[in-house]
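Notes for the one structure printed next.
The values are calculated or read from the model by the stated rules, or taken from the named source; none is laboratory data. Owing to the predicted nature of the structure, the values given are computational and were not obtained by experimental measurement. Note that we place each Cβ from the backbone using ideal geometry, even for glycine, and neighbour counts take in every protein chain shown. Just so you know, the surface numbers come from the protein's heavy atoms only, side chains and all, with ligands and any DNA or RNA stripped out. Shrake-Rupley method; radii C 1.70, N 1.55, O 1.52, S 1.80 Å.
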Amino acid sequence: MKEQRKINILDYKAVGDGKTLNTEAIQQAVDACPAGGCVYVPTGTFVTGAIYLKSDMTLYLEEGSVLLGSGDLGQYPVLDYWFEGRAAECYASLINVGNRGEGEIRNLTLEGKGKIDANGVELFHKEMEEKRGMRGRALFLSHVTNLTIRGITVKQSPSWCVHLLYCRDVKVDDVRIFTRYDEDGRRYEGIFNGDGLDLDSCQNVEVTNCMIASQDDCIAIKSGRDEEGRKVGIPSENIHIANCTFRTGFGVAVGSEMSGGVRHVSVENCRFYDTFSVVSIKAPRGRGNMIEDIHIADCFHRNESREHKACKWFRGAIYIDQFYGCDEFDPEKKEEINEGTPKIRDIYMKNIDTETAEGHAVYIMGLPEMPVEHVVLENVQAKGPQGLFQKNVEGLKRIQVTVEPEEE
């Protein structure tokens, strides 16, 4: 942060008393920020509605600062967004980038030791009642090249917390995300579909040294849904997740919206506590395209929670599921292969120690017309109420693998 380029929101009459509405003041500071400059949020709680960032700037949150979402729905216009793999009208998020027709955004940084609190419990109920659009996020950042998010805490979103769409060259480091409970362990009541970090058709991403306590997927890697996603055709690829800790939620998820393709993903040296799963890979019929070259290594997982039971949405600690979300299915009945037939191949899991109180230790279910291909489990110790289940898999290789109970 360069002092001569610092734009202090106090100079635009922002008031950090936790009561005054500061949307206009903060937006004026952003709009006045010169290329290469920094919008500075000092210590205090600044209530605000939707804010729109731009290229070539830093948003710096000082330690002790909070950007707190206003509970007034009028502060969040309904905009054309993208949600759950499809174009959709959504309430604006608290922090927004790339959804006002600017084209590509470049060189954007959000950093500091401050917090972004989207006031999700209040907004969730109001947005669900009014229903003019899908629920907003805490951060919705789209079409950004060279994006850095560092040091900040992001919490209490009405739905997904940090949603990155069509972003390239991304670094997320030392970020804390809370969508299930706050830093003091107080539960956010009523919110569902509260993912932590969603990487949606993003390329060249590094996520390091983060802590995520999620109500749903901790990190979800996506790329569009069905025909609409295939038409856009932008994959998520070259994603590296390392040295992170996940507490509650559903670990790292690939899919189920993956119609633009997902490839070259690695997760290493991560710890998972009371997450239902370490990793889930989901590609049901209709999606098309491919998930390939996924590497999970050197991960430790302990799930003692029995809040969630194994079902069509959640299978176990390590699972690959191409009948994800299906109430009933015949795993032996083949369907015609077409552009909507997805493929999963080249999945590598090495040095995994997992133990769960619910579901399968390992579950792999492919399509009869398009089996999962080439899954390698090496030095994996997996324990759960149910053991290893496999169906419609070609080329499952097990090297020094222990599963309790034994394979079903």
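Exactly one residue out of F300, F329 is part of a loop (DSSP other than H, G, I, E, B) and aromatic (F, W, Y): that is F329. Given the condition touching a residue at least 40 places away in the same chain (Cβ under 8 Å) and either in a loop (DSSP other than H, G, I, E, B) or open to solvent by 10 Å² or more (accessible area, probe 1.4 Å) (or both), answer yes or no: does some residue in the stretch 170-180 qualify? Checked against the condition, which is being touching a residue at least 40 places away in the same chain (Cβ under 8 Å) and either in a loop (DSSP other than H, G, I, E, B) or open to solvent by 10 Å² or more (accessible area, probe 1.4 Å) (or both), the stretch 170-180 yields at least one hit.
Condition (residue is buried (at least 17 other Cβ atoms within 10 Å of the Cβ) and either modelled with pLDDT under 95 or not charged (D, E, K, R) (or both)) applied to the stretch 125-132: is it met by at least one residue? Checking the stretch 125-132: not a single residue is buried (at least 17 other Cβ atoms within 10 Å of the Cβ) and either modelled with pLDDT under 95 or not charged (D, E, K, R) (or both).
Apart from one condition, G316 fits all of (1) out of contact with any His (no Cβ under 9 Å at 6 or more places or on another chain); (2) in contact (Cβ under 8 Å) with a residue 60 or more places away in the chain; the exception is (1). Would you confirm whether or not the stretch 6-18 contains a residue that is of a type outside the set (D, E, K, R), within 19 Å of L123 (Cβ to Cβ), in contact (Cβ under 8 Å) with a residue 40 or more places away in the chain and part of a strand (DSSP E or B)? Within the stretch 6-18, one or more residues are of a type outside the set (D, E, K, R), within 19 Å of L123 (Cβ to Cβ), in contact (Cβ under 8 Å) with a residue 40 or more places away in the chain and part of a strand (DSSP E or B). Just one of the listed residues (D298, D226, D293) is open to solvent by 10 Å² or more (accessible area, probe 1.4 Å), within 18 Å of Q203 (Cα to Cα) and touching a residue at least 40 places away in the same chain (Cβ under 8 Å), and it is D293. Within the stretch 324-347, at least one residue is within 27 Å of the chain's Cα centre (by Cα), modelled with pLDDT of 95 or more, closer than 26 Å to H308 by Cα and open to solvent by 30 Å² or more (accessible area, probe 1.4 Å). Residue pairs whose Cβ atoms lie under 6 Å apart, separated by 6 or more positions or on different chains, with the first residue in the stretch 62-79 and touching a residue at least 40 places away in the same chain (Cβ under 8 Å) and part of a loop (DSSP other than H, G, I, E, B) and the second buried (at least 19 other Cβ atoms within 10 Å of the Cβ) and among the aromatic types (F, W, Y), are Y76/Y91.
Pick from the stretch 1-30 the residues that are of a type outside the set (A, V, I, L, M) and open to solvent by 90 Å² or more (accessible area, probe 1.4 Å): which of them is modelled with the lowest pLDDT?
K2
Scanning the stretch 251-275 for residues that are over 22 Å from R86 (Cα atoms), open to solvent by 10 Å² or more (accessible area, probe 1.4 Å) and not in a strand (DSSP E or B) gives N269, D274.
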